[in-house]
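J.: One structure, as structure tokens, below. Some questions next.
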Amino acid sequence: MTAPRCVLLPLLSSIAAFGQSPAARPEFEVASVKKSAPAVAGQVNIGVHIDSAMVRYSTLPMRSYIRMAYRVSDYQVLGPDWLATENFDIAAKLPEGANRAQLPEMIQSLLAERFKLVLHRDKKEFPVYALVVAKNGPKLKESPPDSSPGANTTVDVNVTAGRGGGVIDMGNGSTIGYGRDRLEAKKVTLSALAVAVERLLDRPVVDMTGIAGTYDFSLEYSWDELRSLVRTSSGGATELPANPDAPGNLIFTSLAAFGLKLEPRKAPIEVLVVDRIERTPTEN
């Protein structure tokens, strides 16, 4: 059975501070917000497209918008169940001279204005997987330096996908690709790898290796892990059937080849608690 077409979200920013005060937040020049059309059976197109001054977000659940706006992971957003199931499309124009690094703050402003979002920060203990160095040490080879240093100073996130999977291009040679059974990562930090692997599992993954630098990885994963990837990437809109004959978790074995392992632990993690949000956005 072929996997559905699914454009994966750019999830690779590290957990960071939740943003500036509302008065300091930049805003889109203009934005159109609407509920996404119903998904076609067996196929879902999800993603972010940035073209010049236009930014288009397609078929993303509200939880993903909050996650992107505040630079956190999905599990750190606590609120009503519909945040994970109701999808929205946003087309927005950047103001002249805007820095694309300010996109999260612009989404914050849009969510506050159009959805009346109010939230606060808290701490919650989660069962997690700690990404750590295995007993015999890491087996990592640092990514080679750029062949033309300084040639590409603009970093844009581009996402492409087809029936064979999706690729997230973070710029400057850094990519994450998900295929039918393999994760291909080029020039990524261990923290970025942890976020990418997290999408295949049932709990958060936290980088506790203490290793700096960027590396290349080719990691095989199982059908069940692919099911988790499709489910989380589509906000639950698409579900692959179970395959009882498929092998279990393979990502653990794949990481072991690089001298890394995932250890079950509990860890306090900062969360966003949604106090108020309107289910229907104000009119365009």
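The values are calculated or read from the model by the stated rules, or taken from the named source; none is laboratory data. Nothing here was measured: the structure is a model prediction, and the numbers come from that model. Don't worry about glycine lacking a Cβ; one is built from the backbone with ideal geometry, like all the others, and counts go over all protein chains shown. Note: areas computed on protein heavy atoms with side chains; ligands, DNA, RNA excluded. Shrake-Rupley method; radii C 1.70, N 1.55, O 1.52, S 1.80 Å.
J.: Every residue in the stretch 61-78 that is part of a strand (DSSP E or B) and in contact with a helix residue (DSSP H, G or I) (Cβ under 8 Å, 6 or more places away or on another chain), please.
T.: Pro61, Val77, listed by residue number.
J.: A further question follows. Can Lys139 be described as modelled with pLDDT of 95 or more, part of a loop (DSSP other than H, G, I, E, B) and either open to solvent by 60 Å² or more (accessible area, probe 1.4 Å) or aliphatic (A, V, I, L, M) (or both)?
T.: The answer is yes for Lys139.
J.: Could you tell me which numbered condition Glu283 fails, if it satisfies all but one of (1) modelled with pLDDT of 85 or more; (2) open to solvent by less than 60 Å² (accessible area, probe 1.4 Å); (3) over 20 Å from Ala194 (Cβ atoms)?
T.: (2)
J.: A follow-up question, please. Counting only residues that are in a helix (DSSP H, G or I) and of a type in the set (Gly, Ala, Ser), which one in the stretch 197-233 is nearest to the chain's Cα centre (by Cα)?
T.: Only one residue tops the list, namely Ser233.
J.: In the stretch 79-132, which residues are part of a loop (DSSP other than H, G, I, E, B), open to solvent by 10 Å² or more (accessible area, probe 1.4 Å) and modelled with pLDDT of 95 or more?
T.: Selection gives Gly79, Pro80, Lys116, Leu117.
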